[in-house]
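The values are calculated or read from the model by the stated rules, or taken from the named source; none is laboratory data. None of the values given here were measured: they were computed from a predicted structure. No Cβ is skipped: glycine too gets one built from the backbone with ideal geometry, and neighbour counts run over all protein chains shown. Quick note on the areas: whole protein, heavy atoms, side chains included, nothing else; ligands and nucleic acids left out. Shrake-Rupley method; radii C 1.70, N 1.55, O 1.52, S 1.80 Å.
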Amino acid sequence: MTATRIDGKAFAATVRAKVATHVSHLKETHDLTPGLAVVLVGEDPASQVYVRSKGKQTVEVGMHSVEHKLDADTPEADLLALVETLNQDPAIHGILVQLPLPDHVNADKVINAIDPAKDVDGFHISNVGLLGTGQKSMVPCTPLGCLMMLRDHHGSLSGLNAVVLGRSNIVGKPMAQLLLGDSCTVTIAHSRTKDLPEVVRGADIVVAAVGRPQMVPGDWIKPGATVIDVGINRIEKPEGGTRLVGDCDFDSCAEVAGAITPVPGGVGPMTIACLLANTLTACCRAHGLPEPEGLTA
Ligand code: NDP
């Protein structure tokens, strides 16, 4: 391996430590505790794990954590009523409705019912529009985590060619907007992109968010490029059992890249750290206080 390994686990720990310092300062100086409410509908096992982990880390950084667990058959109207109650609650600065929601619930309607100022996932249509027009917004956590790691590694991203693989609303599109905001020349690739290997070979920065195990081989990577692997895929091991891999073939990419994030231990841990950062930011904005430096886009 020749590439520098970008350690997302360690980076996330430094983000959480910064958040914790700010939280304790807010308590001392303003008697203020940022609060995060997480709403889980149904019993999707992966969602349950995420929600548990979010609650635990929220408490660890000194924030107020509230969890609402609703039955899978909860009517949409009840969910909307809960969101409205949380919108009005002054102790809550961030609201996250865990996706996916059951089929009978219109997820867009629920997300757009969240007060945009408390939308710490950054999925509300107002925040999407603000990000797209380069205005101050709440930024989706996973792309924000990728941006922080890229800024930390490169310093300035200005003028670099960035290719984002994937055009989802939660990763690909906001990631591309953030890179554009930092003056990269951005290409968004997707399943209809022609000659994907050539497109990727032109990139100084590759962000892979496709959901296809080890799809990107090392010979697609420009020597010295930075590879941020968002993918989380579970595959069978030859000896039995399973393991997590990214969208990039780590070993071959690491031979060519200048820097690369591993899976697990790369982008994944940064996502919850950025959720905490967004909650802190939302709290500061709600009270007209200066935003924490280095924790926003
Ligand atoms: P989506 O399924 O919503 O989007 C996948 C994107 O990849 C689509 O735009 C699709 O193109 C594109 N794509 C699919 N196949 C190909 C292909 N063969 N060539 C080029 N592009 C292709 O996924 P998400 O954005 O939600 O997630 C992507 C990955 O990131 C997943 O593995 C997910 O688990 C992971 N993830 C990780 C997070 C973390 O915290 N680390 C958080 C969120 C997601 P098209 O639009 O044309 O169909």
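Taking only region 179-210 into account, find how many residues are surrounded by fewer than 15 Cβ atoms within 10 Å (Cβ to Cβ) and either within 8 Å of the ligand (Cβ to nearest atom) or more than 22 Å from the chain's Cα centre (by Cα) (or both).
Counting residues in region 179-210 that are surrounded by fewer than 15 Cβ atoms within 10 Å (Cβ to Cβ) and either within 8 Å of the ligand (Cβ to nearest atom) or more than 22 Å from the chain's Cα centre (by Cα) (or both) gives 8.
Out of all the residues in region 84-108, which are open to solvent by 20 Å² or more (accessible area, probe 1.4 Å), farther than 17 Å from Pro45 by Cα and in a loop (DSSP other than H, G, I, E, B)?
Across region 84-108, the qualifying residues are Asp89, Pro90, Ala91, His104, Asn106.
Can you name the residue in region 263-295 that is surrounded by fewer than 20 Cβ atoms within 10 Å (Cβ to Cβ) and either assigned by TED's automatic domain parsing to the domain that holds Cys146 or hydroxyl-bearing (Ser, Thr, Tyr) (or both) and, of all such residues, is farthest from the ligand (Cβ to nearest atom)?
The qualifying residue farthest from the ligand (Cβ to nearest atom) is Gly265.
If I filter region 50-69 for residues that are among the hydroxyl-bearing types (Ser, Thr, Tyr) and assigned to a strand (DSSP E or B), do I get at least one hit?
Yes: one or more hits.
So, in region 211-252, of the ones that are of a type in the set (Gly, Ala, Ser) and crowded, with 24+ Cβ neighbours inside 10 Å, which residue ends up nearest to Ala46 (Cα to Cα)?
It comes out as Gly231.
Glu255: assigned by TED's automatic domain parsing to the domain that holds Ser168, surrounded by fewer than 19 Cβ atoms within 10 Å (Cβ to Cβ) and touching a helix residue (DSSP H, G or I) at 6+ places or on another chain (Cβ under 8 Å), yes or no?
Considered against the rule, which asks whether it is assigned by TED's automatic domain parsing to the domain that holds Ser168, surrounded by fewer than 19 Cβ atoms within 10 Å (Cβ to Cβ) and touching a helix residue (DSSP H, G or I) at 6+ places or on another chain (Cβ under 8 Å), Glu255 comes out as yes.
Looking only at region 150-178, which residues are more than 9 Å from the ligand (Cβ to nearest atom), assigned to a loop (DSSP other than H, G, I, E, B) and either touching a strand residue (DSSP E or B) at 6+ places or on another chain (Cβ under 9 Å) or under 12 Å from Ile228 (Cβ atoms) (or both)?
Answer for region 150-178, where residues must be more than 9 Å from the ligand (Cβ to nearest atom), assigned to a loop (DSSP other than H, G, I, E, B) and either touching a strand residue (DSSP E or B) at 6+ places or on another chain (Cβ under 9 Å) or under 12 Å from Ile228 (Cβ atoms) (or both): Leu157, Gly159, Leu160.
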